[in-house]
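Written out below as structure tokens is the structure these notes cover.
Values in this text are rule-based calculations from the coordinates and carry no lab data. Everything numeric in this text was worked out from a predicted model, so none of it was measured. Note that each Cβ is placed from the backbone with ideal geometry, even for glycine, and that neighbours are counted across all protein chains shown.
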Amino acid sequence: MAHISSQSAYQRLTERLNRFPQSAPPDELLTKILKVLFDQREAELVSLLPIRPFTVNRAAGVWHMSAVEAHKILDQLAAKALLVDFEVNGDMHYVLPPPMAGFFEFSMMRIRDDIDQQLLAELFYQYLNQEEDFIRALFTEGQTQLGRAFVHEPVLSEANALHVLDYERASQVVSTASHRGISMCYCRHKMMHLNRACAAPMDICMTFNTSAESLIRHGHARAVDVSEGLELLAKARENNLVQFGENVRQGVNFICNCCGCCCEAMIAARRFAVMQPVHTTNFIPRVDENTCNGCGKCVTLCPVEAMALVSANDPRHPKRKVAQVDETRCLGCGVCLRACTRTGSLSLEYRPKRVLTPLNAAHRAVVMAVERGKLQHLLFDNHVLWHHRALAAVLGVILRLPPVARAMATDQVKSRYLEALALRFS
């Protein structure tokens, strides 16, 4: 009986996680991961929590217990980085982050002895690197994705710089954040347990604002000032790492400094390039074939295999090769330009069609939910009341419209009207 109860608790937690716009496909490996992170009672309680931020009193009501007891449990969950807690007008609010970017990463962002990180690393590797369902769901469903690339600022020309908005600069995110936290890179830490980690810097994972404040307070991140944050950003660039951050204009909560070998976002960008799993920058590199010497350094640096050497079609030098950009794969990060200092044959050009970035997390969540048929879960977050369930079911039918109708709905929620609502209620 205990086994059945345990299984149902983790099944309900999985169902709760799948009300997020980002999916976590049910899988035996997912259950094993959740059992490492949550005990049975925690799984049962967390499965009942709302999607949107909530207070102690709201949790107490859902759990049918006193506010004092609920507060103790919520604080324990936040201390384990399973919940993010933050203060609003003097009251503490809590939210369950999605698995990624969320509590999966948080579990490996420092050395811990309260969970089996070796086992967790092995499970994560199987679930995220060997199997495709989770990564495919995370990075390829819908048009709007979780993360975006930031341009490599040191390679920007004066003309380029005029076109780069503040929210497109990682340095601006670091400089304007209310809180800045530095942690161990989840991806490389995971690979370290499998003896697969590269030599890129480990303590360079960046969180900001409310997420950073919570992680710092509970010891999962180290607080840094603007100066040190910018120094670490420069260190990441010196190591040819790509800045991959939250796909929003306001209130960016994370920037990962990604290598091509360990980082799941970069791996997804290679495996599912045609589906555009990572939002690009507004730049694309161009090759001057007249000066390119075919050294191949840019090919080596590119984390998503968007650069290749091809024949220069030079009849006087039939073996001569030049670099070529695969625009369907390229993130526009500009890391390749760091390798081209000798001939200067690479430059960044502005993309003809501007890449759109959601206003904030609320705006992105709604757009992603519409694209993935999950808007009902955001609008009708109280699954206790029957009329909420009925309305959610009706809206779920509406969202199972043909692709053209769904696309029209997506265009509507990307409008300035929704941006205004997101500003008002976020």
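Hey, can you grab everything whose amide H is under 5 Å from the amide H of residue 345? Only 5+ residues off in sequence or another chain; H modelled, so Pro and N-termini drop out.
Excluding prolines and chain starts, which carry no amide H, there are no hits.
Sorted from largest down, give the three principal axis spans of the alpha carbons of region 297-338, whole angstrom values.
Principal-axis extents of the Cα atoms in region 297-338, largest first: 34, 21, 12 Å.
Can you give the % of DSSP beta bridges in the chain that are antiparallel, to the nearest 5?
Details: 32 of 33 bridges.
Just about 95 percent of them are antiparallel.
Using Cα pairs closer than 8 Å and at least 6 residues apart in sequence, work out the relative contact order for the chain, in percent.
For the chain, the relative contact order is 15 percent.
Helix-derived [θ] at 222 nm for the chain: sum -39500 (n - 2.57) over DSSP H runs of at least 4, divide by residue count, nearest 500?
-11500 deg cm²/dmol
I want the local charge near residue 91. Using Cβ-Cβ distances under 13 Å, sum +1 for each Lys or Arg and -1 for each Asp or Glu among the other residues.
-1
Quick query: amide H of residue 243 versus all other amide H atoms, modeled in the peptide plane; which residues come in under 5 Å with a sequence gap of 5 or more or a different chain?
When sequence neighbours closer than 5 places are left aside, the close amide H contacts are 150, 258.
Under Stokes-Einstein, with the Kirkwood radius over Cα pairs standing in for Rh, what whole-number D in µm²/s applies to the chain at 25 °C and 0.890 mPa s? Intermediate results must be reported in sequence, preceding the final value.
On the way: Rh = 22.8 Å.
Result for D is 107 µm²/s.
Can you work out ³J(HN,Hα) from phi for every residue in region 105-117, in order, using Karplus 6.51 cos²θ - 1.76 cosθ + 1.60 and θ = phi - 60°, giving whole Hz and x for Gly and Pro?
4, 4, 5, 10, 8, 7, 6, 10, 10, 8, 9, 8, 6
Using each residue's phi in region 155-164, evaluate 6.51 cos²θ - 1.76 cosθ + 1.60 at θ = phi - 60° and report the 3J(HN,Hα) Karplus result to the nearest Hz, with x for Gly and Pro.
Per residue, the Karplus-derived 3J(HN,Hα) values read 8, 6, 7, 4, 5, 4, 4, 5, 9, 8 Hz.
Projected area of region 2-110, taken from the Cα convex hull and averaged over every viewing direction, in nm²?
So the mean shadow area of the Cα hull is 7.1 nm².
Please find, in a Gaussian network model of the chain (springs between Cα atoms separated by less than 10 Å), the residue of 64, 93, 218 whose mean-square fluctuation is greatest.
64
In nm, to one decimal, how far is the modelled label at residue 91 from the one at residue 172, with both set 7 Å along Cα→Cβ?
Reported label-point gap for residue 91 and residue 172 is 3.4 nm.
Quick one: Kirkwood hydrodynamic radius for region 45-95, alpha-carbon pairs, angstrom, one decimal?
Working: mean 1/r = 0.0930 Å⁻¹.
Final number for the Kirkwood radius of region 45-95 is 10.7 Å.
If you plug each phi of region 194-199 into the Karplus form 6.51 cos²θ - 1.76 cosθ + 1.60 with θ = phi - 60°, what whole-Hz ³J(HN,Hα) values come out, in order, with x for Gly and Pro?
Result, rounded to whole Hz: 9, 6, 10, 5, 8, 8.
Taking the chain as a Gaussian network, Cα atoms linked when under 10 Å apart, which of 240, 360, 293 shows the biggest mean-square fluctuation?
293
What distance in nm separates the simple spin-label points at residue 343 and residue 239, each placed 7 Å from Cα in the Cβ direction?
Here the answer is 3.0 nm between the modelled labels.
Provide, for the chain, the number of lysine pairs with alpha carbons under 26 Å apart, each pair being eight or more places apart or on different chains.
Summing the qualifying lysine pairs gives 16.
Assuming 0.36 nm per residue, please report the length gained on full extension of the stretch residue 66 to residue 351 beyond their Cα-Cα distance.
Working: separation 285, 0.36 × 285 = 102.60 nm, distance 5.60 nm.
Extra length available between residue 66 and residue 351 comes to 97.0 nm.
Work out which trypsin sites (Lys or Arg not before Pro) in the chain are exposed loop sites (DSSP not H, G, I, E or B, at most 12 other Cβ within 10 Å) and give the longest gap free of them.
1-315
Can you bin region 235-274 into rounded, prolate or oblate? Criterion: square roots of the alpha carbon gyration tensor eigenvalues sorted a ≥ b ≥ c, rounded for a/c under 1.5, prolate for a/b above b/c, oblate for the rest.
Judged from the Cα gyration tensor, region 235-274 comes out oblate (a/c at least 1.5, b/c at or above a/b).
Return the single residue from 314, 85, 114 with maximal mean-square fluctuation; model: Gaussian network over the chain, springs between Cα atoms under 10 Å.
So, out of 314, 85, 114, the one fluctuating most is 314.
With +1 assigned to the C-beta of every Lys and Arg and -1 to the C-beta of every Asp and Glu, and no other charges, what is the dipole magnitude of the chain about the Cα centre in debye, to the nearest 20? Spell out each step's value before the answer.
Working: 47 positive and 43 negative charges, 188 e Å.
Result for the chain is approximately 900 debye, rounded to the nearest 20.
Amide H to amide H under 5 Å from residue 283: which residues, 5+ apart in sequence or cross-chain, H placed 1.01 Å off N in plane?
HN-HN under 5 Å from residue 283: 351.
Taking Cα centroids, how far is region 153-178 from region 323-377 in Å?
14 Å
Could you give the nm distance between label points at residue 28 and residue 112, where each point is 7 Å from its Cα heading toward the beta carbon?
2.5 nm
Using 0.36 nm per residue of separation minus the Cα-Cα distance, give me the extension gain between residue 313 and residue 75 in nm, one decimal.
So the chain would gain 79.2 nm between residue 313 and residue 75.
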